[in-house]
1. Residue separation times 0.36 nm, minus the C-alpha to C-alpha distance between residue 149 and residue 33: what's the value?
2. Let's see if you can work this out: charge +1 on each Lys and Arg Cβ, -1 on each Asp and Glu Cβ, no other charges. What is the dipole magnitude of the range 23-204 about its Cα centre, in debye to the nearest 20?
3. Determine the gain in length on full extension of the stretch residue 89-residue 59; use 0.36 nm per residue of separation and subtract their C-alpha separation, reporting nm with one decimal.
4. Along the range 135-141, what does the Karplus equation 6.51 cos²θ - 1.76 cosθ + 1.60 (θ = phi - 60°) give for ³J(HN,Hα), rounded to whole Hz, x for Gly and Pro?
5. Report the gain in length on full extension from residue 41 to residue 116: 0.36 nm times residue separation, minus Cα-Cα distance, nm rounded to one decimal.
6. Around residue 178, with a cut-off of 14 angstrom between Cβ atoms, what is the net charge of the other residues, counting Lys and Arg +1 and Asp and Glu -1?
7. Using a 10 Å cut-off around each Cβ, can you sort 176, 110 from fewest to most neighbouring Cβ atoms?
8. Going by average Cβ density within 10 Å per residue, which order do the peptides 179-192, 113-126 take, highest to lowest?
Amino acid sequence: MTRRRSSLRSRSRPGASPLKGSGRLRIIGGEYRRRLLPVLDSPGLRPTPDRVRETLFNWLAATTPGARVLDLFAGTGALGLEALSRGAAEALFVERDGQVARALADNLRTLGADERGRVHTGDALALLAVGPNDDAPFSLVFVDPPFRQGLAEPCCERLEQGWLASDAWIYLETETALEVGVPANWSLHREVRAGDSTGRLYRRRPLAPAAPLVE
């Protein structure tokens with residue numbers, strides 16, 4: 001899952017319990033620059049450091065405006081929120097933990113980004129296995145699964161089942177020691193390391209059509 005940091009009161013639904021936790025999420029650039037958002041103190045959430053996000057979105061500066069974004073294992077949604085702040089057209093956040101997903105939805109409302117951002121509460125691999133929905137194809141995808149659970153590789157494989165635009169960008173963050181096999185038509189563009197994690201940005205190439213059978 002992902003990311004931590006924040007503190008700014010959110011507009012919670014009537015009767016909803018207030019967010020608890022000392023984390024803060026800071027939006028780095030774009031429309032919501034310097035906004036601070038509350039982050040739940042929830043097991044499994046880990047930060048995508050500000051430095052890594054800033055580096056990543058510098059790489060994606062020409063790609064993010066107008067992008068259709070898929071943020072898998074969204075956690076606090078830091079990457080998807082940053083993309084919306086920088087001009088992405090829309091974003092689908094996928095988060096399995098119901099409480100974390102509700103907190104993310106509250107933060108979208110706080111930013112006034114809930115018309116462009118939608119939260120799907122459910123398992124990322126299960127969603128991908130069902131096949132592309134009406135939001136697909138996506139031109140920018142963030143994949144940041146929990147470490148040491150063997151989720152990265154099957155997730156990448158399932159993305160190739162109609163979820164990606166022909167020239168999509170995919171950012172994959174895993175533990176540094178993990179060697180992930182990605183689809184053959186993904187080309188590594190850049191990578192960044194922070195602590196025990198490594199982020200890799202890939203560019204997808206369209207699959208070559210199958211050669212006709214010769215009788």
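None of the figures in this text is laboratory data; all of them are computed from the coordinates on show. Since the model is a prediction, treat every value here as computed from it, not as a measurement. Methodologically, a virtual Cβ is constructed for each residue, glycine included, from the backbone with ideal geometry; neighbour enumeration extends over all protein chains shown.
1. Details: separation 116, 0.36 × 116 = 41.76 nm, distance 3.35 nm.
Net length gain for the segment: 38.4 nm.
2. Once rounded to the nearest 20, the dipole reads 560 debye.
3. On the way: separation 30, 0.36 × 30 = 10.80 nm, distance 1.81 nm.
Extending this stretch completely gives an extra 9.0 nm.
4. So the J values, rounded to whole Hz, are 6, 6, x, 9, 9, 9, 10.
5. Numbers: separation 75, 0.36 × 75 = 27.00 nm, distance 2.59 nm.
Length difference between fully extended and current span is 24.4 nm.
6. Summing Lys/Arg as +1 and Asp/Glu as -1 gives -4.
7. Numbers: 176 13, 110 19.
Listing 176, 110 from fewest to most nearby Cβ atoms yields 176, 110.
8. Numbers: 179-192: 13.6, 113-126: 16.8.
So the peptides 179-192, 113-126, ranked by packing, come out 113-126, 179-192.
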